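Read the structure below first, then the notes.
The values are calculated or read from the model by the stated rules, or taken from the named source; none is laboratory data. Just so you know, these numbers come straight off a predicted model, no measurement behind them. Note: ideal-geometry Cβ built from the backbone for every residue, glycine included; neighbour counts use all protein chains shown.
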Amino acid sequence: MEIIVIGGGISGLATGLTLVRAGQRVRLWARELSPHTTSDVAAALWYPYLVQPEAKVKAWGRVAYDQFQADLADPARGVIWQPGFLEAVPHRLADDELPAWRTEVTNFRRADPAELPAGFADGYCFDAPVIDMSIYLPYLLATFQAEGGVIEGERTIRDFAEAFAVAPVVVNCAGLGARELAQDAAVYAVRGQVVRIRPTGFRRALSADNGSLGLVYVIPRIHDIVLGGISTERDEHRAIVPEQTTSILARCQQFAPALGPISSQDILNVACGLRPARTGGVRVAYERVAPDRHLLHNYGHGGAGVTLSWGCAAEIARMVQQIAA
Ligand SMILES: Cc1cc2nc3c(=O)[nH]c(=O)nc-3n(C[C@H](O)[C@H](O)[C@H](O)COP(=O)(O)OP(=O)(O)OC[C@H]3O[C@@H](n4cnc5c(N)ncnc54)[C@H](O)[C@@H]3O)c2cc1C
């Protein structure tokens, strides 16, 4: 079947590649490609942050967790394993506050009090994949094309009819762009900013939210360490805010003193991105807009688009299979 996938971030690429591997003829149309998408800004840790619905997140997240574990076999994909990633929490966690997805990851455990940063009362640890998107997205683009997919970049769609003019199946993976394209007022931006620094020898990934430091995370990767974070709802300011860079550095050093001193020479770059959040959660859905026009949606992943990518893609592929049947 001829399929147009709209969007060249992690959702579009994972979906496009999954469909190609299912034997479909796929063309991917995108206004921007890597390194210019929100997906390029992601830290990117496997972690279901700022995303719903819980039961689906658990199932989708598991598929992606397994895929990233398989990706480890090929170092050229940019995936590494963080044994014992730590999420610190300011208060004592009740058992029913532990995440539902804990059954899907390896070595989930409560944090030992001795490993908690100052000011935190509790936390949990698990083995987490970390994906360097500056390596992973180019790998996906190349693999998609090598396996028969066609990329048509720098192409802005204003109406799905443009895509239906050339294919009977269209998959909307437009991230924040889905707000206009699908006329979905539930979609909104959650702005983030990150600072990439040179490796300092600090190796443990850790994060926290809701404590006195706000959202704060330190994610060591292959060639850098990503420091965050910022999370401001309905803020679409696309320029770097220098005060936020200063705040990120100060909060990360307080959170993880073993990072050591960070000078301006250690900073590789600063980036900001708009997380494509959605009231009501991720939308993976099918619409039959005409007898011969099938529209599928895969957007609204908030702060977890990488974490859910392969799971959502697999669900889209199952829906396409049903259309074909
Ligand atoms: C600072 C920050 C840190 C993050 N950290 C993590 C993390 O650690 N783990 C994690 O899982 N997630 C993380 N995220 C969230 C993650 O980046 C997003 O959920 C994910 O990138 C969404 O991917 P997407 O492909 O749906 O959207 P995008 O990456 O935004 O891609 C959308 C695509 O659609 C195209 N498009 C839009 N409108 C149109 C149109 N009209 N016509 C044609 N093309 C169009 C765009 O050009 C682009 O190609 C983070 C995000 C930020 C900002």
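Observations on the model:
- Lone unmet requirement of (1) in a loop (DSSP other than H, G, I, E, B); (2) in contact with a Ser or Thr (Cβ under 6 Å, 6 or more places away or on another chain) for ARG238: (2)
- Checking CYS252 against (1) in contact with a Leu (Cβ under 6 Å, 6 or more places away or on another chain); (2) within 27 Å of LEU141 (Cα to Cα), the condition it does not meet: (2)
- GLN67 modelled with pLDDT of 95 or more, within 16 Å of the chain's Cα centre (by Cα) and surrounded by fewer than 21 Cβ atoms within 10 Å (Cβ to Cβ): yes
The rows are residues; the columns are (1) away from the ligand (no atom under 15 Å from the Cβ); (2) at pLDDT below 95; (3) surrounded by 19 or more Cβ atoms within 10 Å (Cβ to Cβ).
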{"position": "THR37", "(1), (2), (3)": "no, no, yes"}
{"position": "TYR47", "(1), (2), (3)": "no, no, yes"}
{"position": "PRO53", "(1), (2), (3)": "yes, yes, no"}
{"position": "ALA59", "(1), (2), (3)": "yes, no, no"}
{"position": "ALA73", "(1), (2), (3)": "yes, no, no"}
{"position": "ILE80", "(1), (2), (3)": "no, no, no"}
{"position": "GLY84", "(1), (2), (3)": "yes, no, no"}
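- Each residue in the range 206-221 was checked for being in contact with a Pro (Cβ under 8 Å, 6 or more places away or on another chain) and either among the charged types (D, E, K, R) or more than 19 Å from LEU93 (Cβ to Cβ) (or both), and 1 of them qualify.
- Set side by side, the residues GLY229, GLY300, GLY281 differ, and just one is on the phi > 0 side of the Ramachandran plot, within 13 Å of the ligand (Cβ to nearest atom) and crowded, with 21+ Cβ neighbours inside 10 Å, which is GLY300.
- Checked against the criterion of being more than 15 Å from the ligand (Cβ to nearest atom), farther than 20 Å from ARG179 by Cα and among the polar types (S, T, N, Q), the range 250-258 has at least one qualifying residue.
- Verdict on VAL105 being surrounded by 14 or more Cβ atoms within 10 Å (Cβ to Cβ), at pLDDT 95 or above and over 19 Å from ALA208 (Cα atoms): no
- Any hit, the range 258-265, residues being of a type in the set (A, V, I, L, M, F, W, C) and either without any contact (Cβ under 8 Å) to a residue 12 or more places away in the chain or within 24 Å of HIS301 (Cβ to Cβ) (or both): no
- Considering residues of the range 316-325 that are more than 15 Å from ILE10 (Cα to Cα) and in contact with a strand residue (DSSP E or B) (Cβ under 6 Å, 6 or more places away or on another chain) only, the residue surrounded by the fewest Cβ atoms within 10 Å (Cβ to Cβ): ILE323
- Pairs, first under 11 Å from LEU259 (Cβ atoms) in the range 195-212, second surrounded by 19 or more Cβ atoms within 10 Å (Cβ to Cβ) and of a type in the set (S, T, N, Q), C-beta under 8 Å, six or more apart: ARG204/GLN82
- Among the strands (runs of 3 or more DSSP E) confined to the range 250-325, the ones with at least 2 residues that are at pLDDT 95 or above and small (Gly, Ala, Ser) are located at 267-278, 283-290.
- Index of the failed condition, GLY149 passing every other in (1) touching a strand residue (DSSP E or B) at 6+ places or on another chain (Cβ under 7 Å); (2) under 26 Å from HIS237 (Cβ atoms): (2)
- Only one of the listed residues (ALA142, ALA174) is within 9 Å of the ligand (Cβ to nearest atom) and closer than 17 Å to GLY12 by Cα. That residue is ALA174.
- Boolean, CYS312 is crowded, with 21+ Cβ neighbours inside 10 Å and either within 14 Å of the ligand (Cβ to nearest atom) or more than 24 Å from the chain's Cα centre (by Cα) (or both): yes
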